[in-house]
Amino acid sequence: IRVRPLTCTETRRGDQQVVHSLGDGAVHVSAARHDATFGFSAVFDAGASQEAVFEGSGMRQLVELAIDGFSCTVFAFGQTGSGKTYTLMGPLAQSETQPASPALLGLMQRSFTCLLEQSRSRGSGLTLSASYLEIYNEQVRDLLSPGPPCALPLRWSKTRGFYVENQLSVEFESLEAIVSLLLQGSQRRRTSAHALNRHSSRSHALLTIHIRSRAVSAPPAPGEGWGASACPSKQGTLCFVDLAGSERVKETGSSGELSVEANSINRSLLALGKSWGTRLGSPAGPHRSPVTSFVAPPPAGHCISLLAKPRGKRTHIPYRDSKLTRLLARSLGGSGITLMVACISPSSRCLSETLSTLHYASRAQRVTSRP
């Protein structure tokens, strides 16, 4: 969990801070009618640095697992304006000519640095490439392909699962090259301004690093011929998912095209499992809350809700309900390893969304996979 600071606007408006870190992975939400404590693997308060989030979240270990051939995914999710893109990328005002301060770089750039360091230390056996796409109004668009954005078909096969046809993948060998691809794609991503966020992402974005290790033959043991002890090739992936923030149109003041985009975003998040309604005060980790107020429970069809159930009690997982859940099927319930970073606001005005995000994160941490 990452808690952003109160903004200048929230401070001037007199918003109260209702979210507090208790240490040891616990976060407490305290407001007039709500009092709840949640437990997670780690909680980063408003004073946590970008480096602290990278090291404390297990991101470095995830990079190493991807190099070893695992399918690894990093989610950033939460309300619009909660700091998701900042956590992944750092400041929005950065470009190839005006890079961000090293201290402000996000999980992506720090992971790229770690990946390239590991690649150099392991010799020339790794081939790295990147693909970058967005899901805008249920259309999949390639953010690296030149020319105007166009919708790409989403296919399925027994060997590959769900995949995007004709998606461009670009090889890279240096930090400058992959950061250039990241910034190039991010500038093409759809963003707009509304009442809660001047730079609101209007699409879900997925940047995937493909890591291929070539088969290397080790020196033969006595009595063996060359090739008998060859190390098999590996193919791992490291996928960064920047989910568009959930929105309440009444609060964002969206209308027209913005309203259509908001509805599309919310529908795909609903299919993923981030519902508006949850039981307030339900157990979260080792902590329990005495609060007994209720709102509508999430529908039974949400992917996260179903995956959080014990394997023997699961029903069909409806990955086909949205393009987002199709592309994330392997990360959610397959053989992948997934890190989920929930970004929340400490403002009393955002209490409802903050509780929704925390309950969703509580369900998500009960999901298990078999790497």
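Which net charge results for the neighbourhood of ARG2, defined as the other residues with beta-carbon distances under 15 angstrom from its beta-carbon, given Lys and Arg at +1 and Asp and Glu at -1?
Counting the neighbours of ARG2, the net charge comes to -2.
Taking only protein heavy atoms into account and a 1.4 Å probe, give the accessible area per residue of segment 34-139 in Å².
Dividing the accessible area of segment 34-139 by its residue count gives 38 Å².
Using a 7 Å offset from the Cα along the Cα-to-Cβ direction at both GLU51 and GLU257, what is the distance between the two label points in nm, to one decimal?
4.2
Rank these residues by their accessible area, most exposed first, probe 1.4 Å: PHE44, PHE38.
PHE44, PHE38
Is there a pair in LYS158/LYS313; LYS84/LYS323; LYS84/LYS234; LYS234/LYS309 whose C-alpha atoms are over 29 Å apart, and which pairs would that be?
Over 29 Å apart, Cα to Cα: LYS84/LYS234; LYS234/LYS309.
Of all the accessible heavy-atom surface of segment 11-68, with the other protein chains kept in place and a 1.4 Å probe, what percent is carbon and sulfur?
So the carbon and sulfur contribution to the accessible surface is 43 percent.
Modelled label-to-label distance, LEU22 and THR315, 7 Å Cα→beta-carbon offset: nm?
Each label point lies 7 Å from its Cα, and together they span 3.5 nm.
At a probe radius of 1.4 Å, what is the per-residue accessible area of HIS204, in Å² to the nearest 10?
About 10 Å², rounded to the nearest 10.
Which number comes out as Rg/Rh for segment 1-81 once both Rg and the Kirkwood Rh are worked out on C-alpha atoms?
1.06
Taking the C-alpha atoms of segment 78-209, how large are the radius of gyration and the largest Cα-Cα span, Dmax, in Å?
15.9, 50
Taking a point 7 angstrom from the Cα of GLU176 along the C-beta vector, which residues in segment 80-124 have backbone N less than 13 Å away?
The answer is 96-97, whose backbone nitrogens lie closer than 13 Å to the label point.
Once the whole set of protein chains is in place, how much accessible area is left on LYS234, using a 1.4 Å probe, in Å² to the nearest 10?
Approximately 90 Å² of LYS234 is accessible to the 1.4 Å probe.
Residue by residue, what Karplus-based ³J(HN,Hα) values in Hz, rounded to whole numbers, does segment 18-33 have, using 6.51, -1.76 and 1.60 with θ = phi - 60° and x for Gly and Pro?
Taking θ as phi minus 60°, the curve returns 10, 10, 9, 7, 9, x, 6, x, 10, 10, 10, 10, 10, 9, 3, 10 Hz for segment 18-33.
For a quick check of understanding: with a 1.4 angstrom probe and all protein chains in place, what accessible area in square angstrom does TYR163 have, to the nearest ten?
Number for this one is 50 Å².
Once the convex hull of the C-alpha atoms of segment 86-155 is built, how many Å³ does it hold per residue, rounded to a whole number?
Taking only Cα atoms, segment 86-155 has a hull volume of 161 Å³ per residue.
Let me spell out the model: positive unit charges on the Cβ of Lys and Arg, negative unit charges on the Cβ of Asp and Glu, origin at the Cα centre of segment 35-122. What dipole size does that give, in debye rounded to 20?
With only Lys, Arg, Asp and Glu charged at Cβ, the dipole is about 220 debye.
On the protein heavy atoms, probe 1.4 angstrom, tell me the percent of accessible surface of segment 125-177 carried by carbon and sulfur.
So the carbon and sulfur contribution to the accessible surface is 51 percent.
According to the Kirkwood expression over distinct Cα-Cα pairs, how big is the hydrodynamic radius of segment 15-163, in Å?
18.8
The values are calculated or read from the model by the stated rules, or taken from the named source; none is laboratory data. These numbers come from a predicted model, not from an experiment. All Cβ positions, even for glycine, are placed from backbone atoms using ideal geometry, and neighbour counts span all protein chains on display. Areas reflect the complete protein model, heavy atoms only, side chains present, ligands, DNA and RNA absent. Shrake-Rupley method; radii C 1.70, N 1.55, O 1.52, S 1.80 Å.
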